[in-house]
1. Run the 1.4 Å probe and let me know the accessible area of K227, rounded to the nearest 10 Å².
2. Taking θ as phi - 60°, what are the ³J(HN,Hα) couplings along segment 305-318 by the Karplus curve (6.51, -1.76, 1.60), each to the nearest whole Hz, with x for Gly and Pro?
3. Measure off 7 Å from each Cα along the Cα-to-Cβ vector at I365 and N72, then give the distance between these two points in nanometres to one decimal.
4. For segment 254-340, what % of the accessible area comes from carbon and sulfur atoms, probe 1.4 Å?
5. For segment 205-288, what is the accessible area per residue in Å² when the probe is 1.4 Å?
6. When the Karplus curve 6.51 cos²θ - 1.76 cosθ + 1.60 is applied with θ = phi - 60°, which whole-Hz ³J(HN,Hα) does each residue of segment 320-327 get, with x for Gly and Pro?
7. Can you list the residues of segment 71-107 with backbone N under 19 Å from a point 7 Å past the Cα of D223, pointing along Cα to Cβ?
8. Kindly rank 42-51, 115-124, 99-108 from highest to lowest mean number of other beta carbons found within 10 Å of each residue.
Amino acid sequence: MSAAKVLLISLFLIAGMLLPGIVWQPKGSFEVWNIMENDFPRNGSSEEKMTFLLNYAILAPSIYNTQPWRFNISDGSIMVMADESRWLEAADGNKREMHISIGSALENLIIAADHFGYNHTVSYVPGEESIIARVSLQPNSQASMDPRLFSAITSLEKSSPSKTNEGLMEQDYVPQTANQIDLGNIEAISTDQDIRVFLTDDPDIKSRFLNLTLNADHVLYSDIEFKSELGHWLSRGAMGPTGVQAKIDQIKVVFLDSVPGQIEKDSEIINSSLYLGFITSQKNDAESQVRAGQLFERIRLMSSSAKLSLQPMNQALQAVETESEVNGLLGEKSDGYFVQQIFCLDVVGPANELTPRRPLEEVLI
C-alpha cells in the first residue's frame with residue numbers, strides 16, 4: 001500500500017474518533033422486523049389491513065440491501081413505486097436490479113395478501129414516473145394456495161413466536177444430494193412464457209460463467225465510482241454491521257484492493273454450487289425486469305422452504321464489459337431472451353440472517 005493511501009486512511013480514522021456523531025453513525029434508520037400474524041387487524045379498516053401487508057413486502061431482498069421502494073395506499077389499492085434516491089448508478093446503470101428488487105417486494109406483497117384472504121390484480125405502469133405497479137385487492141374467503149411461500153418470507157426471523165405454518169416448515173423434505181432437488185418443480189414455477197427460468201449443472205457453462213464473474217469482479221472493484229457507491233451503503237449499515245464496523249468495511253472497500261478477496265469468495269460460491277439459475281425475459285424493459293424480480297422472489301422463497309441455499313450472482317450483468325456475453329452462456333435456450341437475474345442453487349447452506357430494514361413509515365407515502 002502506498003504511503004499516501006496509508007496517510008489518507010489514518011486521517012479518515014482519526015476524524016472518525018474525533019467526530020463520532022458525524023462520521024461513525026450510520027445515516028438513515030434501519031430496523032429488524034418481528035412480524036406476528038396474530039397482529040393482523042382483522043377488525044380494522046381496509047387501509048390498516050393493507051398497511052399491515054406491507055410489513056411483508058419490505059422484507060424482500062434488494063441490490064446491496066438498498067430497498068429502493070415506496071408505497072402509497074388509496075382507493076382500495078396499493079401503489080408500488082421506485083425510490084430513485086436509492087438507485088445505484090455505478091452498479092446498476094440501466095436500473096435492472098432496482099426493478100428486480102421492487103419486483104421482489106411486489107411478490108411478497110401478493111403472497112402476503114393471498115395468505116390473509118385477498119384476491120389481487122396487478123396493473124403495471126411503466127409509463128408513469130417512479131410508479132411501478134398498482135395492486136388492487138379484493139377480500140377472498142379461500143385459503144392460501146401455497147402457505148409455504150408465506151412462511152418462507154419470515155423464516156429468517158429467528159425470534160418470531162407466531163408462525164402458523166411452522167409445522168409445515170419442520171416437516172419439509174431436506175435434500176441431501178443434487179439428484180434429490182426437484183428441478184422440474186422449480187422450473188415449472190413460472191407459467192409466464194415471457195419470463196422463464198433455466199437451471200443447469202453443465203460444467204462448461206459453469207466454467208464460462210465463473211470466468212465472466214471473475215472478470216466482472218476485476219472491472220467493478222477497480223472502478224472508484226463503484227467502490228465509493230458500495231462503500232457509501234456499507235457505511236450506512238445497510239449490509240448489517242453498523243457503527244465502527246460499518247465504517248471499517250467502507251474503508252476496506254474504498255481504499256484497499258478488494259479484488260482478491262471478492263474473487264476468492266465468488267469462486268467458492270460458484271464452484272461449490274450444484275446448479276446455476278438464469279431468469280430471462282423476452283423484452284428488456286422495466287416491466288419485464290419487475291416481473292423477473294417477482295419470479296426470482298418466488299423461487300427464492302420456494303428454495304428456502306425446501307431448505308435449499310440460493311445466492312444471487314449478478315456481477316457479470318453489472319459490468320458492461322461482461323454483460324453482453326452472459327446471454328451467450330445458454331446458447332439456443334436464451335435465443336431471443338435477455339438474462340435478468342442469475343443465482344447459484346445448492347443444498348443446505350449456512351444459516352442466513354435478516355438484514356436491517358427501513359421502518360415502514362419511511363417507505364409509506
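The values are calculated or read from the model by the stated rules, or taken from the named source; none is laboratory data. Note that the structure is predicted; figures quoted are calculated from it, not measured. Virtual Cβ from ideal backbone geometry, glycine too; neighbours counted across all protein chains shown. Please note that ligands, DNA and RNA were not included when accessible areas were found on the heavy atoms of the full protein model with its side chains. Shrake-Rupley method; radii C 1.70, N 1.55, O 1.52, S 1.80 Å.
1. K227 exposes around 20 Å² with every protein chain in place.
2. So the J values, rounded to whole Hz, are 5, 9, 6, 9, 9, 10, 10, x, 8, 9, 4, 5, 8, 6.
3. The modelled label-to-label distance comes out at 0.8 nm.
4. Within segment 254-340, the accessible surface is 48 percent carbon and sulfur.
5. Value returned for segment 205-288: 43 Å² of accessible area per residue.
6. My calculation for segment 320-327 gives 4, 5, 10, 4, 5, 8, 5, 4 Hz in order.
7. Counting backbone N atoms under 19 Å from the label point, the list is 85-101.
8. 99-108, 115-124, 42-51
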